[in-house]
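Inspection log for the structure reproduced underneath, given as structure tokens.
The values are calculated or read from the model by the stated rules, or taken from the named source; none is laboratory data. Owing to the predicted nature of the structure, the values given are computational and were not obtained by experimental measurement. When we count neighbours, we look across all protein chains shown, and the Cβ atoms used for this are built from the backbone with ideal geometry, even at glycine.
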Amino acid sequence: MGAVGLYAALNYNGRIQWSKPHALDNDVVAVFNRHQQTDKGFGVALGPTASERLAALFGAHGFRVETAESPWLLNGDSKALQRAFIEGFRQPLQEIGGLTSRDIEAWITFRIAVIDEPDSLCTVGHTDLLALPG
């Protein structure tokens, strides 16, 4: 059997932006990204570097590799998803450390409160990857 291709969609790339800034946004994303690179039961995870690493590995084996940005754009139409996304930060932030529980809760409270504001947008970076035999 010959080589087969791979399509890997929605690989988180480490970039998150909000239209309504909070002083802790950069710190929260940095801590979250560190958590994405911890052992998830299969060894150390690649987290935000997964697409980049896959592209390099497939390319080194003669595959044609293409990547494309496919960010989530979360606005007022996706309030439930945004709320779940923000609440999902709590455990990783607590596990990694670097932020106080008080800071984490203040950030989560702020992020949830602004979901209902007009023109509130959360952009979560993702990269799609397609690797086809050369």
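Can you tell me which residue within region 64-119, out of those that are in a strand (DSSP E or B) and of a type in the set (Val, Ile, Thr), is farthest from Val28 (Cα to Cα)? Per the stated criteria, the residue is Val65.
Would you confirm whether any residue within region 51-63 is touching a strand residue (DSSP E or B) at 6+ places or on another chain (Cβ under 6 Å), buried (at least 17 other Cβ atoms within 10 Å of the Cβ), in a helix (DSSP H, G or I) and not hydrophobic (A, V, I, L, M, F, W, C)? Yes, that holds for at least one residue. Residue count for region 10-37 under the criterion of being aliphatic (A, V, I, L, M), more than 15 Å from Asp103 (Cβ to Cβ) and at pLDDT 95 or above: the result is 1. Inspect region 38-58 for any residue being touching a helix residue (DSSP H, G or I) at 6+ places or on another chain (Cβ under 9 Å) and over 23 Å from Leu130 (Cα atoms) and give the result as yes or no. Yes, region 38-58 contains a residue that is touching a helix residue (DSSP H, G or I) at 6+ places or on another chain (Cβ under 9 Å) and over 23 Å from Leu130 (Cα atoms).
Looking across Arg111, Arg90, Arg102, one residue alone is basic (Lys, Arg), at pLDDT 95 or above and surrounded by 15 or more Cβ atoms within 10 Å (Cβ to Cβ). It is Arg111. Taken over region 68-87, the criterion of being exposed (fewer than 12 other Cβ atoms within 10 Å of the Cβ) and either among the small types (Gly, Ala, Ser) or at pLDDT below 95 (or both) is satisfied by Ala68, Asp77, Ala80, Ala84. Take Asn26 and tell me if it is under 22 Å from Leu121 (Cβ atoms), surrounded by 14 or more Cβ atoms within 10 Å (Cβ to Cβ) and among the polar types (S, T, N, Q). For Asn26, the condition - under 22 Å from Leu121 (Cβ atoms), surrounded by 14 or more Cβ atoms within 10 Å (Cβ to Cβ) and among the polar types (S, T, N, Q) - is not met. The residues in region 1-50 that are on the phi > 0 side of the Ramachandran plot and part of a strand (DSSP E or B) can be counted, and the count is 2.
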